[in-house]
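Worksheet: one structure, shown below.
The values are calculated or read from the model by the stated rules, or taken from the named source; none is laboratory data. Keep in mind that what you see is a predicted model, and the values were worked out from it rather than measured. Here the Cβ positions follow ideal geometry from the backbone for every residue, glycine too, while neighbour counts run over all protein chains shown. The area values use the complete protein model at the heavy-atom level, side chains included, leaving out ligands, DNA and RNA. Shrake-Rupley method; radii C 1.70, N 1.55, O 1.52, S 1.80 Å.
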Amino acid sequence: MKKQENKGIFDYRLHLTILFVSVISLYVGIVNINLFYGIRIVVLPLIFSLFLAMICYLSKSFKWIDKKSSAVSSRLLLLLIGPLIVKLAIASGQNIEMLISVGPILLLEELGDIGTILFGLPVALLLGFKREAIGMTSSICREPQMVVLIDKYGFDSSEVKGFFTVYLIGIIFGTLLISLIVNFLVYVLPLHPYSFALASGIGSTSMSVAAVSSLTAIYPSLTDKLLAFSGISNLISVVFSIYVYMFISLPLTEWLYNKFEHYFN
């Protein structure tokens, strides 16, 4: 079985299919869909690649894309995610002084993610999820948290499977929801546009782009400054969220799961 999987790694048809999907998705690029009242949906190339890959897997025309190639792709993803881990590690080290200079207010921003644990974990357990609930509810399920989970539990673990469930849902619906939320809050809360720009940097590139795009549609004269505030806020969130997740969010989720899981059996 292992020999067959090792052979699959060098299957040129699989790699050409992945290359084809990637080139088409990147060629299409980022698509902005303007709805109403300044609401804008940002569709990233990742979404196109996701649907194209699903079509290749389900279509009978691509006979070489089957369960074996899916298993091979999972192993390759674990290898290819290495550069992302290195990138995040370097970004964390390079910006450690910036994180210290920002002060404790940043910790309060990141601790807002604990809401996903307090509200999401009971719901996940009620729905019958087991260890998957840890990956699903311990964070907002974006890239920084993904590398921590894969490093701790392994790619094929239940925790990582739960994570990817929410991750994929976030890719598809997250940009729409955050656009709606921004457009609603801008007219309800009497805050400066810069405050909303800072708040839009939640540590997810796609959601941050969607949020700040809605803001720039509402405040076109402040576009450059809104993009700058959102960009630095998102960078800080990405870097700082790794530490908050490793030392606070994930241990807290595991503790709560172990304490209350038996009540939901």
Inset, instruction - Search region 17-43 for residues that are within 18 Å of ILE172 (Cβ to Cβ) and modelled with pLDDT of 80 or more and pair each with any residue that is aromatic (Phe, Trp, Tyr) and not in a loop (DSSP other than H, G, I, E, B) when their beta-carbon atoms are under 6 Å apart and the residues are at least 6 apart or on different chains. - result: SER25/PHE48; VAL28/PHE48
Inset, instruction - Could you please let me know if VAL166 is over 23 Å from LEU76 (Cβ atoms) and assigned to a helix (DSSP H, G or I)? - result: no
Legend entry - Qualifying residues in region 114-146 (those that are assigned to a helix (DSSP H, G or I) and of a type in the set (D, E, K, R)) - the one surrounded by the fewest Cβ atoms within 10 Å (Cβ to Cβ): GLU143
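Would you mind finding the one in PHE260, PHE173, PHE240 that is free of Cβ contacts under 8 Å to residues at least 24 places away in the same chain and in a helix (DSSP H, G or I)?
Values: PHE260 fails: free of Cβ contacts under 8 Å to residues at least 24 places away in the same chain; PHE240 fails: free of Cβ contacts under 8 Å to residues at least 24 places away in the same chain.
Result of the check over PHE260, PHE173, PHE240: PHE173.
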Inset, instruction - Kindly indicate whether LEU99 is at pLDDT below 70, in a helix (DSSP H, G or I) and open to solvent by less than 40 Å² (accessible area, probe 1.4 Å). - result: yes
Legend entry - Pairs with Cβ under 6 Å, 6+ apart, first in region 115-132 and at negative phi, second hydrophobic (A, V, I, L, M, F, W, C) and open to solvent by 60 Å² or more (accessible area, probe 1.4 Å): LEU125/PHE264
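Can you name every residue in region 186-245 that is in contact with an Asp or Glu (Cβ under 6 Å, 6 or more places away or on another chain) and either farther than 18 Å from LEU111 by Cα or open to solvent by less than 20 Å² (accessible area, probe 1.4 Å) (or both)?
Taking region 186-245 and keeping what is in contact with an Asp or Glu (Cβ under 6 Å, 6 or more places away or on another chain), we get 240-241, 244.
Passing the criteria: SER241, VAL244.
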Inset, instruction - Would you check which residues across region 147-158 are open to solvent by 10 Å² or more (accessible area, probe 1.4 Å) and in contact with a Phe, Trp or Tyr (Cβ under 6 Å, 6 or more places away or on another chain) and list them? - result: VAL148
Legend entry - Test result for LEU235, assigned to a helix (DSSP H, G or I) and of a type in the set (A, V, I, L, M): yes
